[in-house]
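The values are calculated or read from the model by the stated rules, or taken from the named source; none is laboratory data. No experiment lies behind these values; they were computed from the predicted model shown. Cβ atoms come from the backbone with ideal geometry, glycine included; neighbour counts cover every protein chain shown. The accessibility values were calculated without ligands, DNA or RNA, using every heavy atom of the protein model including side chains. Shrake-Rupley method; radii C 1.70, N 1.55, O 1.52, S 1.80 Å.
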Amino acid sequence: MVYHTTICNMKKILIVEDESTLQKTLGDILSQEGYKVVSALDGEVGVRLAKEQKPDLVLLDLVLPKMTGFEVLEQMRSAEDTKGIPVIVLTNLEKMEDIQRATELGATTYLVKSNYELQEVVEKVKTVFGNS
Amino acid sequence: MDFRRIQAELNIVEQAKKYGIPVWQHPQFLFLVMGLLIAFSSLFMYALGVRLVSDPQVVALGILILTMVLLAIASVIERSFERLAEAARLKSEFVSIVSHQLRAPLSNLKWIADLLVAGKAAKNQKEYYGLLKENSTRMQNMVNDLLTVSRLQEGGMLTQEKSFSLEELVDGVVKNFAPVLKASNITLKVQQEKGLKVFADPVQIRHVVSNLLDNAIKYTGKTKEAMVKKSGKKRAITIISVVEGKKAKFTIKDTGVGIPQQDKKYIFQKFFRSANVIRHETQGSGLGLYIAKSIVERAGGNMGFVSKEDKGSMFWFTIPLSAT
């Protein structure tokens, strides 16, 4: 019974990332921090899982097969049930216009992968949950 | 220092080379021509005007012709500015693609290291070491490709041409790929003319053949299971090598995702990646075919392709036959 309640209180994070290495490292560390992790390797699956699984947070890459991260963000924001889910954009694109576009589309935070340590990303995740 | 800069700016020949446009299309050169033309023709018109005051029609006609010539030059100048802008755009795109493609494996490496250092990979340590190796190889391949491109462009590529058997080389490459072919459930058919000898650098040609086979496998493997069943066609690749005139022709045909019409003209360009390819995977340097074509052309051959979206592609190249 105790086990059951812990599962229910666990925050669920969806990682949309086509780099399997990052998918794994991020997934591993976040599970160790006590989050439930769901993964998508492309944009289409990402949108579908966001709708089906209703995660508490989405970590989204921008350069993705099938559907770009921008499109994923757009679709998530236009659907009623995924509208309010916070999205941390996690990418290697660092042009001003990309950052602006993602922010306009409703990204909560924008992180350039190579500028962050793994632990710092975990901290950002915690901050999002702390503020929500 | 400043003087040198001015000198460099005035060195039109050097600049035209840098931007990859002919000298006569360089804006500065054209402005110079235009200026000289205006100066001389003004003098000429003045002289003509003084002599033929009685016949203003001739003067008017002269001015008309002059105006037309100047307009033509102006339009060429405009176009050359557009080309300069295009060259600058390509350059910035180059930088952004390279940095993105190099950064991906780099951030992978960094995060794996973060995890290992923090001692948080306890259970999967071995797997993470494997990932370290995989990502450093990917990084190495990307850097190697970039170096090859720069050597190809500057002509510093070391080439050791000799006579060798294309048949044996292809067989060798095919053998290397056997496990991948099996894993991707692709049937490979090889039809080669016996004893086909060519004259080129075998290391480089091996690179070309490997690249083409790798592409064929990658994009044939991407066709959906449902589509394979529907069309009744199996995933298959066919390699054919024959003598054609004074050259050997190597052809590789796949039943892969094919190349969309609008992407065809860019396929051999540096860093170009077809929309069809990105739809299936975002990794890859976008340099493979550019390098392959450059190698083949340097060896005195040619490369081309025929492709239909969703049906498959056929890439071919020719290289000179060995004289002996």
Checklist entry - Can residue A:88 be described as part of a helix (DSSP H, G or I) and closer than 28 Å to residue B:113 by Cα? => result no
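Going through segment B:284-321 one residue at a time, which ones are among the hydroxyl-bearing types (Ser, Thr, Tyr), under 19 Å from residue B:152 (Cβ atoms) and not in a loop (DSSP other than H, G, I, E, B)? Break it down stepwise before answering.
Restricting attention to segment B:284-321, the residues satisfying the condition of being among the hydroxyl-bearing types (Ser, Thr, Tyr) are B:285, B:290, B:294, B:307, B:313, B:318.
Okay, now just the ones that are also under 19 Å from residue B:152 (Cβ atoms), so B:285, B:290, B:294, B:318.
Answer for segment B:284-321, where residues must be among the hydroxyl-bearing types (Ser, Thr, Tyr), under 19 Å from residue B:152 (Cβ atoms) and not in a loop (DSSP other than H, G, I, E, B): B:290, B:294, B:318.
Tell me the residue from B:94, B:81 that is open to solvent by 60 Å² or more (accessible area, probe 1.4 Å), within 30 Å of residue B:204 (Cβ to Cβ) and either assigned by TED's automatic domain parsing to the domain that holds residue B:28 or in contact with a Ser or Thr (Cβ under 9 Å, 6 or more places away or on another chain) (or both), please. Walk me through it before giving the result.
Numbers: B:81 fails: within 30 Å of residue B:204 (Cβ to Cβ).
The match here is B:94.
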Next on the checklist: I need the full set of residues from segment A:6-35 which are in a helix (DSSP H, G or I), at pLDDT 90 or above and among the hydrophobic types (A, V, I, L, M, F, W, C), in order please.
Outcome noted: A:22, A:26, A:29, A:30
Checklist entry - From the set of residues in segment A:10-26 that are more than 8 Å from chain B (Cβ to nearest Cβ) and in contact (Cβ under 8 Å) with a residue 24 or more places away in the chain, which is farthest from the chain's Cα centre (by Cα)? => result A:10
Item to check | Which numbered condition residue A:114 fails, given (1) of a type in the set (Gly, Ala, Ser); (2) more than 14 Å from chain B (Cβ to nearest Cβ); (3) touching a helix residue (DSSP H, G or I) at 6+ places or on another chain (Cβ under 6 Å); (4) part of a helix (DSSP H, G or I) | outcome: (2)
Next on the checklist: Can you pull out every residue in segment A:80-132 that is aromatic (Phe, Trp, Tyr) and within 19 Å of residue A:35 (Cα to Cα)?
Outcome noted: A:129
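Please find, among A:31, A:39, the residue that is hydroxyl-bearing (Ser, Thr, Tyr), within 11 Å of another protein chain (Cβ to nearest Cβ) and open to solvent by 40 Å² or more (accessible area, probe 1.4 Å). Give the steps one after another, and end with the answer.
Numbers: A:39 fails: within 11 Å of another protein chain (Cβ to nearest Cβ).
Exactly one residue qualifies, and that residue is A:31.
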Next on the checklist: Just to be sure before I move on: is residue B:167 assigned by TED's automatic domain parsing to the domain that holds residue B:249 and in contact (Cβ under 8 Å) with a residue 60 or more places away in the chain in the structure I sent?
Outcome noted: yes
